[in-house]
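One structure is given below, encoded as structure tokens.
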Amino acid sequence: MTPIAAFMPPGADAVRAMLSQARERSTISLDPNIRPALLADHAAVVDRFERLARLADIVKMSDEDREWLYPGEGADAVAARLVETGAPLVVVTRGAHGAIAMTRDGSRDVAPVATSVVDTVGAGDSFMSALLGSLHAASLLGAAGRVAFPPGALEPHLSMAARAAAITVSRAGANPPDARDLLQ
């Protein structure tokens, strides 16, 4: 989902309605992927983001997204705020500093994976897709499998996601890993 579709009329209301309907049968993941140049009304964007986060099972945001949406607030505070709104799992990625993951049961630091950075484009998408793929393989996705994610049980899934992002940034041109790359 792009900032245009999620945060700007006329598509924003349609996106929210679609997510509301899909939530009955699907896992909803949300990555705001904020593009400040496209978004003029900060308060309206934050309000819309928090309404979408209430529908989501998994919210992933970069440090840049967090800083734009919640200036001056740390990753832990923002993750706690979003978990309180109802998102079962919130992940804030912090580039070379890893990530934090928070659920109602607590938080977990996700260690960074050492790599040589060539191009950061696609790192967040790789993180999220690997996280979703790993959770799917463990039967933790879908409305029927909706659970309160315990932080300890998330560790292998979050580690897989961090590895995927590290591989992506080590390559030019938003070139994400495939399953074979992640198993090496």
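The values are calculated or read from the model by the stated rules, or taken from the named source; none is laboratory data. Everything numeric in this text was worked out from a predicted model, so none of it was measured. Counting neighbours? That spans all protein chains shown, and the Cβs are built from the backbone with ideal geometry, glycine included. Protein only, heavy atoms only, side chains kept; ligands, DNA and RNA dropped before computing areas. Shrake-Rupley method; radii C 1.70, N 1.55, O 1.52, S 1.80 Å.
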**Message:** How much of the DSSP bridge set in the chain is antiparallel, in percent, rounded to the nearest 5?
**Reply:** 55
**Asked** Which three lengths, in whole Å and largest first, does the range 1-99 cover when its Cα atoms are put on their principal axes?
**Response** 35, 30, 21
**Request:** With a Förster radius of 22 Å, plug the Cβ-Cβ distance of Ala172 and Glu73 into 1/(1 + (r/R0)^6) and report the FRET value to the nearest 0.05.
**Result:** 0.05
**Asked** For the modelled label position 7 Å from the Cα of Asp63 along Cα-to-Cβ, which residues of the range 125-145 have backbone nitrogen atoms closer than 17 Å?
**Response** 125, 127
**Prompt:** With contacts defined as alpha carbon pairs under 8 Å and 6 or more residues apart, what's the relative contact order of the range 114-184 in percent?
**Reply:** 53
**Prompt:** Which of the peptides 125-134, 160-169, 70-79 is most tightly packed, and how do the rest follow, going by the mean number of other Cβ atoms within 10 Å of each residue?
**Reply:** 160-169, 125-134, 70-79
**Stokes-Einstein D for the range 92-184, Kirkwood Rh over Cα pairs, 37 °C, 0.692 mPa s (µm²/s)** = 244
**Asked** In cubic angstrom, how much convex hull volume per residue do the alpha carbon atoms of the chain span?
**Response** 113
**Item:** the range 1-73-the range 117-184 distance, computed between alpha-carbon centres (Å)
**Value:** 20
**Request:** Could you tell me which helices of the chain pass both thresholds, a Cα extent of 18 Å or more along their own axis and a mean Kyte-Doolittle hydropathy of at least -0.5, with helices taken as whole DSSP H runs?
**Result:** 42-55, 123-137, 151-169
**Asked** So what does Arg104 come to for accessible area, using a 1.4 Å probe and Å² rounded to 10?
**Response** 150
